[in-house]
Amino acid sequence: VNHNLNALARHRAELAAAGIELTDLTDTNPTRHGLFDPAILDVLARYLTRAARYEPTPRGPWPARASLAERFGGDPDDYWLCASTSEAYGWLFSAFAAAGQAVAVPAPGYPLIEPLAQLHSLTTIDYRSWYLHPSGWELDRDGLDRALATPGVALAVAVNPNNPTGAYADPWLTQACARRRAPLIADEVFFPFQVGAPDLGPVGTRAQPSRLAGHDEVVSFGLDGLSKLLAAPQLKLGWIRLSGPAVERTAAAERLDQVADTYLSVNSLVALALPELLTLADASVTRITARLRGNLATAQRRLGHYRLRTVDGGWMALLDVPPLMPPDDLVIALMDRAGLAVHPGWFYDLPDDALALSLLPEESQFDEACQRLTAGLEVLAADAGLSATGPQYD
Ligand SMILES: Cc1ncc(COP(=O)(O)O)c(C=O)c1O
């Protein structure tokens, strides 16, 4: 199938130019969904005077790193501040891989990782997870091991929980990286957003999620930042937490210091305010998680006659819909007939026709979007002379 993201974006732009606004289930920008905490601005205002002086250091101000160590563990010297986790990926790719080498990445997965690797002249090699209903996603352990053993693979990436599958990482991943001596980039920006709960399906019986960052047996770079933790991507503050065996950690720290010292990309105001900003994090996570859980319950109620895949964490849900037409045609038809924007699964490298839905919109907007989606699918199925809820998902 020849997928064409530009065609989807172009169609959407044409509708916008004609004054047609779509209900958006692709958007995961928290500041557009009433999730930005205005108290953040008050905190920043208190640090304005201190930010008049510029005293850069490669890792960022010590109090900021001390507050991270206190919250997440480790030592303040294990942390490097940066402008975003996207930038952190870039730093790590340039510091720990050489042009022409490869990075093992999860599939399905976050679509930004591949272009970030390409910017650093690296290729990506996929390791897959497979969905089993309703038990959830399972890592293809042999596939991961093969990817790590491939000549030229310099780094592994894991997203915990993964975007868009919402699956927490298999702890086996750390052992596999340790055995193959592959440094691990552990992107844990969604870690605290655990949406699975006993009353939301079979997840209550699943193992408690565990972090990949902070282990001694493998060199790992834990990534996190304020984009998700505080629903504040515009603050542009992320961080890397380095862990691993002592000797390798020392060498890695030197490389990271060089890169960080070359860019010095951290905004002084936000870095100085970080210890106080972090005091807002628990309330922010609680507020966002309540939104995600509420919307997931709505999706189950409104769309349950399709197959909503098991979600354990993160900001997305995946919905299996009947194969009424090729995925891009379906996405365009949903824009035209239901006034709704959704992402096709292939956008995240899903091997099938699932739709990816953002769980972030305000509750009433999300509910309306789910109703539009069901109505749209029914109309399209009727047009095609099919049942919208075929036996395939019973
Ligand atoms: C898996 C994952 N990592 C990182 C990010 C980006 O975070 P940042 O704003 O810190 O670059 C996102 C944003 O959607 C994401 O989905």
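Side notes on the structure shown:
- For segment 170-177, 3J(HN,Hα) computed residue by residue from phi via the Karplus equation (6.51, -1.76, 1.60; θ = phi - 60°) reads 5, x, 4, 4, 4, 5, 4, 5 Hz, glycine and proline entered as x.
- Between residue 216 and residue 132, the contour length at 0.36 nm per residue exceeds the Cα-Cα span by 27.0 nm.
- Share of Cα-Cα pairs in the chain lying beyond 28 Å, as whole percent: 49 percent
- Nearest-ten-degree value, helix 5-17 long axis tilted from longest Cα axis of the chain: 70 degrees
- Relative protection proxy for 34-46, 258-270, 321-333, from highest mean packing down: 321-333, 258-270, 34-46 (other beta-carbon atoms within 10 angstrom).
- Globularity ratio of segment 1-110, using Cα Rg and 2.2 N^0.38 Å: 1.58
- For segment 1-117: relative contact order, % (alpha-carbon pairs under 8 angstrom, 6 or more apart): 13 percent
- The chain: most fluctuating residue of 169, 88, 207 per GNM, C-alpha cutoff 10 Å: 207
- The angle between the Cα long axis of helix 363-383 and the longest principal axis of the Cα atoms of the chain comes to about 40 degrees, rounded to the nearest 10.
- Between residue 316 and 359, the built amide H atoms are under 5 Å apart, and every one of these is 5 or more places off in sequence or on another chain.
- Kirkwood Rh, Cα atoms: Rg over Rh of segment 40-196: 1.03
- Crossing angle, helix 246-263 versus the chain [Cα axis fit, 0-90 degrees, rounded to tens]: 80 degrees
We did not get these values from a lab; they are worked out from the coordinates using the rules stated. Because the structure is a prediction, the values reported are computed rather than measured. Virtual Cβ from ideal backbone geometry, glycine too; neighbours counted across all protein chains shown.
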